[in-house]
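Input: a single structure, listed below in structure tokens.
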Amino acid sequence: MQFSIASVSLLIVVCLYGLKESAIAAIFVYGTSVVLGVTEQQSAVVSIAAITFIAWRMRIRHDGLITSTLLFWLLAGGPIMALLATITYGNINQIVVFHIQKEITIALLSCLLVDVLFTYSPLKRLGADGKVSIGFHFNRIMINTSLSAITIPYLLYMSIAGYNSTKRMEDLVHNTFVSQLQTIESYLHNQTENDLFALKQQGIVQVARLNQELQNIFADTGTEIVVTNYNNIVMASNSSVTIGGTFIWYMGDSIADRFANIYYWVPNKEFGSELEKWSYAYIIREKELPLLKLKTVMMTPFAPFLSNLLSAYIYQLWVYMLFCFAMLILSVLYNRIFFKLLEKLAETTTGIPTRLADGNGIEWYKSSIIEIDTLVNNFKTVTDNLEGMFHRTHHLAYYDSLTGLPNRLSMQDELIKMFGSQYAGRNLALMFFDLDRFK
């Protein structure tokens, strides 16, 4: 799932329209992307599954967007991508691990953006039913703020750390090349004119000496060096390049970047991913030696540097995802311990006057959370006071305040009850005593 307008738009469709529309939209978008060669088939399948699962979970369980996304990548997305990588490449290497982490991180950032849009903007009013509650759910505010507080500083830290690591790597390569090149120049300048002439004529002894010197200088460094004349004819080398043959290091392939007269060379071939292509790249330094009329081409594999960079990023992303999943667990616990109790309290206190008037008792529960228990006790006190007021009001309405005897309203209610009782339809006698018009 790439962080793009398409992925964010699909998550918006999930929030607005539900499962069927989301699945159709995901199949169309990622199917088109595969046809155009923008997305690999494996990534497209996992992305479609992610959109479908999130939409289904939100419809069935009414879970939040972020919770559903994290659950998918934890339970299905990550394992599926690891399995597909094992089938395709035979193992799970650094590139595969980083690719999975990148997909999870981008999916998390996309759903966080969409969830923030739907929580705090009028976008949530665009749904199919057009009904939306006023206000915000505190649990969503807590998840959004917690995840944002983790994500924003951590991504800034990773960006700065990545830039510094790249800069250190480039400085190391530059300094190493300069040091090795100085050693080669010193050796060549110490040769006599006859030896240099013989070397340019590819004399066997001189070429063998220079090859041996190159082997000694670059032993255990992994760096390959080729010494040519201005016509690109190989004079000497510590690699498998043919002596006397033509060597043009950039022919047929791509120069990806350049810094301080040093080039990044990548093969011009199709690979499973961009990172896999860079694992076959080289860092190259070409230097002319005008006094000697020679050129040196130094090449070192980029793979060790890429491995170090990936190791740093992988560790940082593991820590980031650990914090995110810990936040998810805490939010679930808060939801069960705190918010569920608040929902239960709201359900208990709904329609208190009607329940008291009907004579239905209210069962209050105890909570181990002091704040909620205090709130329950306050509601209980208010309910007891309200029940006492009901009793006093009823007594004032149905009994004489002077004598305490039932009044006319009470008599009428009793008659109505009798007419509606099991004796209805039978004869009813009423005796009325007029005590000198006293009540």
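Worth pointing out:
- Gain in span if fully extended, residue 431 to residue 364, counting 0.36 nm per residue against the direct Cα distance: 19.5 nm
- Cβ-derived FRET efficiency at R0 56 Å, residue 322 paired with residue 212, nearest 0.05: 0.60
- Pairs of Cα atoms farther than 16 Å apart, the range 5-129, %: 62
- Sparse packing (at most 16 other Cβ atoms within 10 Å of the Cβ) combined with a DSSP loop state is found for the following trypsin sites (Lys or Arg not before Pro) in the range 259-363: 269, 293.
- Of the peptides 394-402, 232-240, 6-14, the order by per-residue mean of other Cβ atoms within 10 Å, starting with the highest, comes out as 6-14, 232-240, 394-402.
- Sites residue 339 and residue 403, calculated FRET efficiency, Cβ-Cβ separation with R0 60 Å, nearest 0.05: 0.65
- Solvent-free Debye scattering, log10 I(q)/I(0), computed from the Cα coordinates of the range 337-419 at q = 0.23, 0.27 Å⁻¹: -1.09, -1.27
- What separates the Cα centres of the range 181-232 and the range 1-75 is a distance of 59 Å.
- For the range 1-84, the list of trypsin sites (Lys or Arg not before Pro) that fall in a loop by DSSP and count at most 12 other C-beta atoms within 10 angstrom reads 61.
- P(r) of the chain over all Cα-Cα pairs, binned every 20 Å from zero, in whole percent: 17, 30, 22, 15, 8, 4, 3, 0
- Computed from point charges on the beta carbon alone (+1 for Lys and Arg, -1 for Asp and Glu), the dipole magnitude for the chain about its Cα centre is near 860 Debye.
- Secondary-structure-derived ellipticity at 222 nm for the chain, considering helices only, amounts to -20500 deg cm²/dmol, per-run term -39500 (n - 2.57) for DSSP H runs with n ≥ 4.
- The mean sequence distance of close C-alpha pairs (under 8 Å, at least 6 residues apart), as a share of the length of the range 221-320, puts its relative contact order at 24 percent.
- Diffusion constant of the range 163-306 at 37 °C, which comes from Stokes-Einstein with the Kirkwood Cα-pair radius and 0.692 mPa s, µm²/s: 205
- Restricting the range 33-118 to chymotrypsin sites (Phe, Trp or Tyr not before Pro) in coil, as DSSP defines it, with at most 13 other Cβ within 10 Å: none
- Taking the charge dipole of the chain about its Cα centre, with +1 at Lys and Arg Cβ atoms and -1 at Asp and Glu Cβ atoms, the residue from 301, 369, 313 reaching farthest to the positive side is 369.
- Count of Lys pairs (Cα-Cα under 16 Å; at least 8 positions apart or interchain) in the range 163-306: 4
Read the figures in this text as sums done on the coordinates, not as results from a lab. Since we're looking at a predicted model, the values are computed, not measured. As a convention, Cβ positions derive from the backbone with ideal geometry for all residues, glycine included, and neighbour counts pool all protein chains shown.
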